[in-house]
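The values are calculated or read from the model by the stated rules, or taken from the named source; none is laboratory data. Worth saying up front: this structure is predicted, and the values here are computed from it rather than measured. When we count neighbours, we look across all protein chains shown, and the Cβ atoms used for this are built from the backbone with ideal geometry, even at glycine. For accessibility, only protein heavy atoms count, side chains too; no ligands or nucleic acids. Shrake-Rupley method; radii C 1.70, N 1.55, O 1.52, S 1.80 Å.
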Amino acid sequence: MRTENIFPTKGNLINVRKSLQLARMGFDLLDRKRNILIRELMTMIDSAKKLRGQISATYARAYIALQRANITLGVIEDIENGIPIENGLSIQYRSVMGVELPTVALDAPEDPEVTYGLYGTNSQLDVAYLCFHKVKLMTARLAEVENSIYRLANAIKKTQSRANALKNIIIPNFEFSSKFISDALEEKEREEFSRQKVIKRQKVHREELAKALERAEDPAGGEPK
């Protein structure tokens, strides 16, 4: 670290020590934040893995049932067009250590009502309809989880970068500055102490010299005759 612009004064030492204390406190807070975000991320990753497995299995059942429905009923495009489009999706946000995570809500019942007529359909179509409805609900949840994972990963990366900067650059610089100023002030104190000792010896020497001169000028010791 460059020391040309560091002036070894007590005021600067106090300021550097305060900055060092704040930097250490900031590192502790960032480290705590990082650990909380990592725990949240691990939970989200587990949920995402579980949801992906469930969605894949449900999709497989849905497509098999849809294929069977197409085979037994023919092309079911007319029935498909009669199913209403889902528009009950809403997104809100919650904060985890300053990171905004989405909460995706789909206003749809777990057991949906059949919107097509039972005449001209069969159970395979019902199975496909229910499976795709479950996929829709799970997809909304998966979108919430995966978006949260992405945001958490970015936040952890930024937090780690800031913590590393504090730990490896800022805190060592403040520690070096504090030691440099402390050493310089101690050296000044030693020099001042040595200077005072020299001045004191010179003063004593002058006093002794003055007394010696007085005795030399008054051989009788100043006693009256």
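Take THR159 and tell me if it is under 19 Å from the mean Cα position of the chain (by Cα), open to solvent by less than 60 Å² (accessible area, probe 1.4 Å) and of a type outside the set (A, V, I, L, M). Considered against the rule, which asks whether it is under 19 Å from the mean Cα position of the chain (by Cα), open to solvent by less than 60 Å² (accessible area, probe 1.4 Å) and of a type outside the set (A, V, I, L, M), THR159 comes out as yes.
Among all residues of the range 96-111, there is at least one that is assigned to a loop (DSSP other than H, G, I, E, B), within 21 Å of ALA143 (Cβ to Cβ), modelled with pLDDT under 80 and open to solvent by less than 100 Å² (accessible area, probe 1.4 Å). Screening ILE169, ILE199, ILE156 for residues that are of a type outside the set (Gly, Ala, Ser), in contact with a helix residue (DSSP H, G or I) (Cβ under 6 Å, 6 or more places away or on another chain) and at pLDDT 80 or above leaves exactly one candidate, ILE156.
Among the residues of the range 128-145, is there at least one that is closer than 17 Å to MET44 by Cβ, in a helix (DSSP H, G or I), open to solvent by 70 Å² or more (accessible area, probe 1.4 Å) and out of contact with any Phe, Trp or Tyr (no Cβ under 9 Å at 6 or more places or on another chain)?
Yes, some residue in the range 128-145 is closer than 17 Å to MET44 by Cβ, in a helix (DSSP H, G or I), open to solvent by 70 Å² or more (accessible area, probe 1.4 Å) and out of contact with any Phe, Trp or Tyr (no Cβ under 9 Å at 6 or more places or on another chain).
Remark: LYS203 matches the filter, which requires a residue to be over 30 Å from VAL96 (Cα atoms) and basic (Lys, Arg).
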